[in-house]
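These notes are about the structure you will find just below.
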Amino acid sequence: WGLLVEPGKMYSQKVPATFKVTMASLGPDVDDKTAARTTVMLRIEDQDDYALCSLTAGKLEQQPLELVLMEGETIAFRVSGNCPVHLTGYYVNDHTNMDDEE
C-alpha cells in the first residue's frame, strides 16, 4: 500500500481492506534549504485530527510507523507544512477463519 500526500490536499476514503501504515518519508526531491517541518495528520471517522509524525529535511526524513487502519473506517490524511510525504505499508490478510478449517 502507498500514498503520496501533497501539501494543501486532503486524501479521504472509506477503507476497502484493512492495511498497516509502516513508514512516512520525505521524497527524494525535497530541498533541505527551503523545506520546513512537515507533519502528517490523520483523521479517523469524525474525530479530531491527530499528528502521526513530524519530518524535517536534512534532519529527520523518515519515520517508522505501526498504524493499522480497519476495513470500513472513514479516514483522511493531510500534511501540515510544505513538503509532500510518502506513506507506505501493506494490506493485512485476515487468517482468522483458517483455524476453523483445520
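Structure values in brief
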{"item": "Matching residues, region 58-83, being at pLDDT below 95, part of a loop (DSSP other than H, G, I, E, B) and out of contact with any strand residue (DSSP E or B) (no Cβ under 6 Å at 6 or more places or on another chain)", "result": "G58, K59, N82"}
{"item": "Total residues in region 33-43, condition over 12 Å from the mean Cα position of the chain (by Cα) and surrounded by 14 or more Cβ atoms within 10 Å (Cβ to Cβ)", "result": "3"}
{"item": "Top-ranked residue of region 33-61 - restricted to ones that are of a type in the set (A, V, I, L, M, F, W, C) and touching a Cys at 6+ places or on another chain (Cβ under 8 Å), ranked as nearest to F77 (Cα to Cα)", "result": "V40"}
{"item": "Qualifying residue in region 15-32 (condition: open to solvent by 50 Å² or more (accessible area, probe 1.4 Å), closer than 14 Å to R78 by Cβ and out of contact with any His (no Cβ under 7 Å at 6 or more places or on another chain))", "result": "no"}
{"item": "First in region 50-67 and among the polar types (S, T, N, Q), second anywhere and open to solvent by 40 Å² or more (accessible area, probe 1.4 Å), Cβ under 6 Å, 6 or more apart", "result": "S54/R37; T56/R37"}
{"item": "Test for S54: is it of a type in the set (S, T, Y) and either at positive phi or open to solvent by 60 Å² or more (accessible area, probe 1.4 Å) (or both)", "result": "no"}
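The values are calculated or read from the model by the stated rules, or taken from the named source; none is laboratory data. The structure displayed is predicted, hence computed values, not measured ones. Note that we place each Cβ from the backbone using ideal geometry, even for glycine, and neighbour counts take in every protein chain shown. In case anyone asks, the SASA skips ligands and DNA or RNA and just uses the protein heavy atoms, side chains included. Shrake-Rupley method; radii C 1.70, N 1.55, O 1.52, S 1.80 Å.
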